1. Contact list please: Cβ distance under 7 Å, first residue in the stretch 46-74 and free of Cβ contacts under 8 Å to residues at least 12 places away in the same chain and hydroxyl-bearing (S, T, Y), second residue loosely packed, with under 15 Cβ neighbours inside 10 Å and part of a helix (DSSP H, G or I), pairs at least six apart or on different chains.
2. Can you tell me which residue is nearest to L183 (Cα to Cα) among those in the stretch 51-106 that are of a type in the set (D, E, K, R) and part of a helix (DSSP H, G or I)?
3. When you go through R130, R112, R90 one by one, which is the residue that is over 19 Å from V28 (Cα atoms), in contact (Cβ under 8 Å) with a residue 12 or more places away in the chain and in contact with a Phe, Trp or Tyr (Cβ under 6 Å, 6 or more places away or on another chain)?
4. Mind checking which helices (runs of 4 or more DSSP H) fall wholly inside the stretch 129-220 and carry at least 3 residues that are among the basic types (K, R) and modelled with pLDDT of 95 or more?
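The values are calculated or read from the model by the stated rules, or taken from the named source; none is laboratory data. The structure presented is a predicted model; accordingly, all values stated were derived computationally and were not measured. No Cβ is skipped: glycine too gets one built from the backbone with ideal geometry, and neighbour counts run over all protein chains shown.
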Amino acid sequence: MRQKVYLIILALVVTVISAAAQTKTAEVLLETTVGNIRIALYDDTPKHRDNFLKLVKMQVYDSLLFHRVIKDFMIQSGDINSKHAKPGQRLGTGDFDYTQEPEFCLPQIFHRRGVVAMAREGDNVNPEKRSSACQFYIVWGRVLDDKKLSQIQERLDSVTQGRVKLTPEMIATYKTVGGTPHLDGQYTIFGEVTEGMEILDRIQQMPTDQFARPLEDIRILKATVTKKIPQ
């Protein structure tokens, strides 16, 4: 019991310190059909931050679907083909004709619940782990125990040749707050949800078809830059 309380306190402290350590001078509001999600963008990942802001200002995300939703994992949007998608249409390939250089910031920025990251193609065709131009996901994940975290570390050791190590602080967060540690060092995280976690929870529980597309369309009605980078 004491150990559990200690882990909870440690995870809360780490989350607060981590959030404070990441400078967030820009913010985006996603107005969706099920509620609003506010995202703060990290200055530590400037290329991804600036690209996301550019696309929001271009209204790229307006009317796009959350086309891939996996319970206890994540919700994904940004497929430019989803704006006028027909019911049952398989989605996930709509993108622009460029990719982004990865900006990994471990161990300060990791895949805890609520962070926002860019999707990408797999290592077999994308060994440099370059990010999609526009498709992004928001992490939900699971709360994990020591056994599962140990298994995930073994997997990370294998796929990253030992370059990605879960720190005690990361482990404490994954054991209390939750997340998707198997993605650490694989995908670029560039922001975090600051309001609307209940909306994220609601979306990640939506029933889906065999392609992980929600049976009921969940759409970003409008994306707006609500806080700009100071000039």
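1. That search, which allows pairs on different chains as well, returns nothing.
2. Of the stretch 51-106, the ones of a type in the set (D, E, K, R) are 54, 57, 62, 68, 71-72, 79, 83, 86, 90, 95, 97, 101, 103.
Now restrict to residues that are part of a helix (DSSP H, G or I): 54, 57.
Details: K54: 26, K57: 29 Å.
Here the residue is K54.
3. Working: R130 fails: in contact with a Phe, Trp or Tyr (Cβ under 6 Å, 6 or more places away or on another chain); R112 fails: in contact with a Phe, Trp or Tyr (Cβ under 6 Å, 6 or more places away or on another chain).
Going through R130, R112, R90 in turn, the sole match is R90.
4. On the way: elements: 146-160, 168-176, 197-204.
Output list reads 146-160.
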